[in-house]
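The values are calculated or read from the model by the stated rules, or taken from the named source; none is laboratory data. These numbers come from a predicted model, not from an experiment. Cβ atoms come from the backbone with ideal geometry, glycine included; neighbour counts cover every protein chain shown. Surface accessibility is based on the protein's heavy atoms, side chains included, excluding ligands, DNA and RNA. Shrake-Rupley method; radii C 1.70, N 1.55, O 1.52, S 1.80 Å.
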Amino acid sequence: MSGSQTTVFFSYSREDKARAIPIISTITDAGYSVWWDGMLAGGSTYLETTERALESARAVVVLWSDRSIKSHWVRDEATYGREQEKLVPLSIDGVQPPLGFRQIQFIDMDGWTGGADAVEVREMLAAIAALHAGDERPSKPVNAVAPAKQPATPTRRQWLIGAGGLALAGAAGVAAVQSGLFRPSQIAEQGIVVLPFKNLSGNAARDYISSGLSAEIRSTLARNPMLRVVAQTSSEAMRDAGLDAIEICRRLGVAYLLDGTVQGEGDSLRLTAELVDGRSGFSNWSKTFEKSDADLLTVQAEVADAVNASLTPDQPAIPNDAAGNTENGEAFDAYLQGIARYRDSRGADDIRSAIDLLDTATSLDPGFAAAFAAKGRAAASLASWSDDPVETNQARATALEAAKQAVSLAPKMADAHSTLGWVYLNVLVDVPGALVPFERSFELGQGDATVLARYSAYMARIGRDADALGAVRKAVGLDRLNPTIHRAEAFVHYAARRYKQNNEAISRALALRPELSDSHARIGLAEVWLGRAQAGLDSCRAERSAFYRHSCVAIAAWKSGDEQAAREAMASLEAEYGDISYYEQGGILAQWGALDEAMDRLNLALRVSDVGLTRAKVDPALDPLRSRPDFIQLLNSLGLS
């Protein structure tokens, strides 16, 4: 053994050594002292050495596989880790942990290709870090954040709430961009992409300013009905694609590109912006704006005005009441920090911090509608993530109050109405209450991909397929490199029973972000409804999220004739997710033919305001219940008749 004290014990089957060593190396590279049986010196007594290492470890990492679940040694070591509450279970080969270990959320490493920044690695290191809380930090930085108290993979409720933020395409998205896979068929002559401005201040803590300014310029331009403005995710994906202006514009289907830099701070802020013709690569103009931090909003408005004047000189100025902005420089700075913190949040603590910053913004300017809208979304997310029932209820009330205030302050602001509709639908489960704000958001937000995607999801749920499809197609056109927009398109198709198109849209989302939660489960269920139960089961088992995997496998395995696997998946769903999975349990039981039990679970879902119920009108899993009077009554109570 090495001279340093063991902090991580790694248990595995020797037949899996080739799969285990890269994982062990990753943990070691993160700064932990790892013991595994490859460290046994010649002449060492196996039992004595192993027991000493096991007892001294802060974390016991177990690699479950087809081989290790049959190993008494691995099971004994896992039992010790479980009893000492320091077990970190991993899985390869698509296996479930053996009975007795399924109550602990495992991390699926089967699809890991060795990347140190992969989602599964971050989850593993976060779990290990949590078990070292209070100890001296490892000698090397751990590439992880402290986990929330929820399961390592967010639940459906958390993913729905998180959909209000930005979903980055990541490295796979850059590869997709470079491949030309998502290239549009034609160029929009009045189209523009605003790249994230570069922070040249030398202070990384000011990244939020350069990023926030470009986002606000993009938002302002999107309100010009004569322009087609590429949305944030697609714009940011281009930052790392290594392409020139001509190729970026060609890939995104636009004629112009706006780029810029920000440097200095305090009273000496310099912003340089350049408008480039993407057809020739030549600059239309380059302007430098000398301001102070207090004049950030003025800088943003001046750049946007310059672009509008160049591209649409005959278009009247866009009224400020559609923006919900502020003239208070300190409030605007707090707002930029708040939305940056929310966008990068990893759990409840980050969201609370974002809300505090947005509170500061609204305190400095009580008329700052955009800050109230952002606060509404952040509070809605906190209601989803928090473990404290009192905090959850307070966050729900705050979300509704803030969203209503945003609408009151800026009645022509599309995002304010969209946020209010989103809070009604996904936080309060008030389907009828969401109708008016979503319809108003659609009228005002034709250039905003996120507004359009939220609207389409709502319309799909209430059965207005034509409205949903038209909106989501516009959203895809504005943000074709955003995986969650393609997932939104998939849901519209799924709700309308267009399963082939659902799978195509999900495949596009996965090309941009292979780790996108619930995607394989969506394909799996679509395959089941198409009559290909075994293919569906294979897709279900590839799902990264345990929540969606259990739900999907319980249906697909049953349809495939594997009742035992179906019941095991159902038991895991109930044990690991409890009352937040009542809606899924209802769908599973309906597909099993246990219709009375299915209605019991759906009524429990109603009692706890499970957001899954908003899909009840269009969910194929509930088809066996549709003629029952009690199911019809349930739909009526939800406003889904």
(request) Compute the length gained on full extension between Asp344 and Asp207: take 0.36 nm times their separation in residues and subtract their Cα-Cα distance, giving the result in nm to one decimal. (result) 48.1 nm
(request) Could you check the simple spin-label distance between Ile21 and Asp93, using points 7 Å along Cα→Cβ, in nm with one decimal? (result) 2.0
(message) Can you give me the distance in nm between label points at Ser637 and Ala571, each placed 7 Å from the Cα along the Cα-to-Cβ direction?
(response) 3.1
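Averaged per residue, what accessible area in Å² does the chain show with a 1.4 Å probe, protein chains only? Numbers along the way, then the final one.
Values: 26030 Å² over 641 residues.
In whole numbers, the chain has 41 Å² accessible per residue.
Mind checking the alpha-carbon convex hull of segment 314-395 and giving the volume per residue in Å³?
Details: hull volume 8.3 nm³, N = 82.
Given the Cα convex hull of segment 314-395, per-residue volume reads 102 Å³.
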(request) State the percentage of accessible surface on the chain attributable to carbon and sulfur atoms; use a 1.4 Å probe and exclude ligands, DNA and RNA. (result) 49
(request) Would you please give the FRET efficiency between Ala466 and Glu189, computed as 1/(1 + (r/R0)^6) with r the Cβ-Cβ distance and R0 = 35 Å, to the nearest 0.05? (result) 0.80
(message) Starting from 0.36 nm per residue, how many nanometres of slack lie between Met226 and Thr392 once their C-alpha separation is accounted for?
(response) 55.6 nm
(request) Which order do the peptides 304-310, 216-222, 272-278 take when ranked by the mean count of other beta-carbon atoms within 10 Å per residue, highest first? (result) 216-222, 272-278, 304-310
(request) Using the Cα centre as the reference, give the magnitude of the dipole from point charges on the C-beta atoms of the chain (Lys, Arg: +1; Asp, Glu: -1; all else neutral), rounded to the nearest 20 debye. (result) 1520
(request) Quick one: angle between helix 17-29 and the longest Cα principal axis of the chain, in degrees between 0 and 90, rounded to 10, please. (result) 60
(message) List the lysines whose Cα sits under 17 Å from the Cα of Lys70, skipping any in the same chain fewer than 8 residues away.
(response) Lys17
(request) Using 0.36 nm per residue of separation minus the Cα-Cα distance, give me the extension gain between Glu83 and Ser408 in nm, one decimal. (result) 111.5 nm
(request) Could you state the angle between the C-alpha long axis of helix 519-529 and the longest principal axis of the C-alpha atoms of the chain, as a value from 0 to 90 degrees rounded to the nearest 10? (result) 80
(request) If a cysteine in the chain has no other Cys Cβ under 4.7 Å from its own Cβ, put it on the list, ordered by number. (result) Cys249
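Counting Lys and Arg as +1 and Asp and Glu as -1, what is the net charge of the other residues whose Cβ lies under 9 Å from the Cβ of Ala546? Working shown, then result.
On the way: positive: Arg544, Arg549; negative: Asp108, Glu543, Glu576.
Spelling it out: positives minus negatives among the neighbours equals -1.
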(request) Of the listed pairs Lys500/Lys617; Lys474/Lys500; Lys291/Lys412; Lys375/Lys404; Lys291/Lys404; Lys500/Lys559, which have alpha-carbon separations greater than 23 Å here? (result) Lys291/Lys412; Lys291/Lys404
(message) How high is the relative contact order of segment 335-469? Use alpha-carbon pairs under 8 Å, at least six apart in sequence, and give a whole percent.
(response) 16
(request) Name the residue farthest towards the positive end of the dipole of the chain from the options Trp592, Ser384, Ser572, assuming +1 on Cβ of Lys and Arg, -1 on Cβ of Asp and Glu, about the Cα centre. (result) Trp592
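From Cα pairs below 8 angstrom and at least 6 apart in sequence, can you work out the relative contact order of the chain, rounded to a whole percent? Write out the running numbers ahead of the final one.
Values: 1169 pairs, mean separation 59.7, N = 641.
Worked out over the chain, it gives 9 percent.
Considering only DSSP beta bridges whose two residues both sit in the chain, what percent are antiparallel, to the nearest 5? Kindly include the intermediate steps, with their values, before the conclusion.
Values: 18 of 39 bridges.
Of those bridges, close to 45 percent are antiparallel.
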(request) For Ser56 paired with Glu563, estimate the spin-label separation in nm (one decimal), with each label point 7 Å from Cα along the Cα-to-Cβ line. (result) 5.2
